[in-house]
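The values are calculated or read from the model by the stated rules, or taken from the named source; none is laboratory data. As the structure is a computational prediction, the values presented were derived from the model and not from experiment. Neighbour counts are summed over all protein chains in view; Cβ atoms, including those assigned to glycine, are modelled from backbone coordinates with ideal geometry. Quick note on the areas: whole protein, heavy atoms, side chains included, nothing else; ligands and nucleic acids left out. Shrake-Rupley method; radii C 1.70, N 1.55, O 1.52, S 1.80 Å.
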Amino acid sequence: MDVVVVGAGTFGASLAWWLARGGDSVVLVDQFEPGDPRATSGGETRLIRCSHGADAEYTAMARRARALWRELEAESGAPVLVECGVSWFAHGEDGWEAASAAALEAQRIPCERLPVEAAAARFPSFGGGDLAFVLHEPEAGFLRAQRAVRALADAARRHGARLVRARARPDGGAAVLEDGTRLEGDAVVWACGGWLGELFGDLVRLTVTRQELLFLDGGPAWAAPGVPAWVDYDRAMYGTADVDGLGVKAALDVEGPRLSPDAELPAAGATERAVRAYLAERFPALAGAPLRDARCCRYELSPDSHFIAAEHPDAPGAWLLGGGSGHGFKHGPAMAERMAVALHGGDCPPARFALGERAPGRSLRTAGSGTA
Ligand SMILES: Cc1cc2nc3c(=O)[nH]c(=O)nc-3n(C[C@H](O)[C@H](O)[C@H](O)COP(=O)(O)OP(=O)(O)OC[C@H]3O[C@@H](n4cnc5c(N)ncnc54)[C@H](O)[C@@H]3O)c2cc1C
């Protein structure tokens, strides 16, 4: 079939790769080069983990995505997935981590429930007096996001996809470029990240927010291999060791202020005090670590943090894909696989990915307390 994909972030580039690899004719359109920092997928690293509380479907999808990222690596030669493990800091016996552990065990996904002292040994310094236990996922880690998106787009091109650099707007079932070119196909998939709400505001409700990432100079101990990434879901904090010379990454994961997708990304630093207060407690040796870098980027949040994957009700063949909600990156290839089935007339995406109104739901990203 002929498919136009608008948007070369993790969702669109994954779909282009998957479809082109399967023999479909694909045109992949983006206003930027794949991996541009103005797109949500354009950051250096994104966590990949299977823990999603009790949600078996996202758990399985993340596991499937891990296998597909490995396929992309084998095909492209680009090392994108680093399995450093992810440690989840549990504040109680009946929270997100305990529910995650049960879901992981049910799907035979490796995980370890560690006493705090055992978990502490994996970090250069650790304060865990407030924790009940640590759930460690040894086969989780992070993806080199920007590189991964470029690898997806390159792989799609090698399978015959045509990449077009242009801004598109929907017109019925077609995508119309700024120069008037009209792109049509058996399907047109709009995988436009934070721009999806502006393009289809009557069908999707997305909140685009400004988020910050801090990078600290933690010294050689934090750059050594084997230090896990970590998430404190109840306190809305996450981070990684110093990978690829970027510095120790730490972020406050509460929803930031609203920011239009087309607005310039402002200077970062507003969350430094909160992040430093947390680090001083959790990783005392980082208390005075110099700030190496601070960056802004955007979330595109659906009300319930579930993704969007559905056909336009009034334009058959036009599909909307996105709503990554701060946790979508890792799922790109697995979502693409599901979308491809739907485009070819098979099972539709789950009902909870449908368009229209949604009730606010519990966050599936790394923040149990999602709002500031
Ligand atoms: C700070 C931060 C941390 C995160 N951490 C994680 C994490 O640890 N793990 C995880 O899995 N996820 C994480 N995420 C979420 C994840 O990055 C996003 O869910 C995902 O990247 C969204 O991908 P996308 O393809 O929907 O959107 P995007 O990457 O934004 O791609 C959309 C593309 O569409 C293009 N586009 C839009 N409109 C048009 C148009 N009209 N014409 C042409 N092109 C258009 C844009 O240029 C863009 O390239 C994080 C996000 C942020 C910001």
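Quick look at the values:
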{"quantity": "Estimated inter-spin distance, residue 36 and residue 292, nm [label 7 Å along Cα→Cβ]", "calculated": "2.8"}
{"quantity": "Dipole axis of the chain (+1 Lys, Arg; -1 Asp, Glu on Cβ), positive-most option in 74, 260, 199", "calculated": "74"}
{"quantity": "Å² per residue, accessible surface of region 196-294 at 1.4 Å", "calculated": "41"}
{"quantity": "Folded to 0 to 90 degrees: helix 332-343 orientation relative to the chain principal axis, Cα", "calculated": "30"}
{"quantity": "Within the accessible area of region 290-356 (1.4 Å probe), percent carbon and sulfur", "calculated": "53"}
{"quantity": "Qualifying GluC sites (Glu not before Pro) for region 261-309 [loop in DSSP, other Cβ within 10 Å: at most 10]", "calculated": "264"}
{"quantity": "C-alpha long axis of helix 56-76 to longest principal axis of the chain, angle in °", "calculated": "80"}
{"quantity": "Considering only the chain, percent of DSSP beta bridges that pair antiparallel, nearest 5", "calculated": "70"}
{"quantity": "Cα centroid separation - region 110-137 against region 154-230, whole Å", "calculated": "35"}
{"quantity": "Relative contact order of region 200-273, pairs being alpha-carbon contacts under 8 Å that are 6 or more residues apart, as %", "calculated": "38"}
{"quantity": "Distance between modelled label sites at residue 184 and residue 165, nm, 7 Å Cα→Cβ extension", "calculated": "2.9"}
{"quantity": "Cα long-axis angle, helix 272-282 against the chain (0 to 90 degrees, to the nearest 10)", "calculated": "50"}
{"quantity": "Backbone N within region 12-31 under 17 Å of label point (7 Å from residue 341 Cα along the Cβ vector)", "calculated": "15, 18-19, 22"}
{"quantity": "Residue 93/residue 67 FRET efficiency (R0 41 Å; Cβ-Cβ; nearest 0.05)", "calculated": "0.85"}
{"quantity": "Calculated Rg and Dmax of region 1-134 using C-alpha coordinates, Å", "calculated": "18.6, 57"}
{"quantity": "Region 240-335: chymotrypsin sites (Phe, Trp or Tyr not before Pro) in DSSP loop, at most 15 other beta carbons within 10 Å", "calculated": "none"}
{"quantity": "The chain, relative contact order [Cα under 8 Å, separation at least 6], %", "calculated": "23"}
{"quantity": "Alpha carbon Rg of the chain, scaled by the compact-globule rule 2.2 N^0.38 Å", "calculated": "0.96"}
{"quantity": "Rounded to the nearest 20 debye, dipole of region 241-372 from Cβ charges on Lys, Arg, Asp, Glu", "calculated": "440"}
{"quantity": "Spatial extent of region 49-89: Rg and Dmax, with the Cα atoms as the point set, Å", "calculated": "11.9, 35"}
{"quantity": "Nonlocal amide H pairs with residue 45, under 5 Å, H built at 1.01 Å", "calculated": "145"}
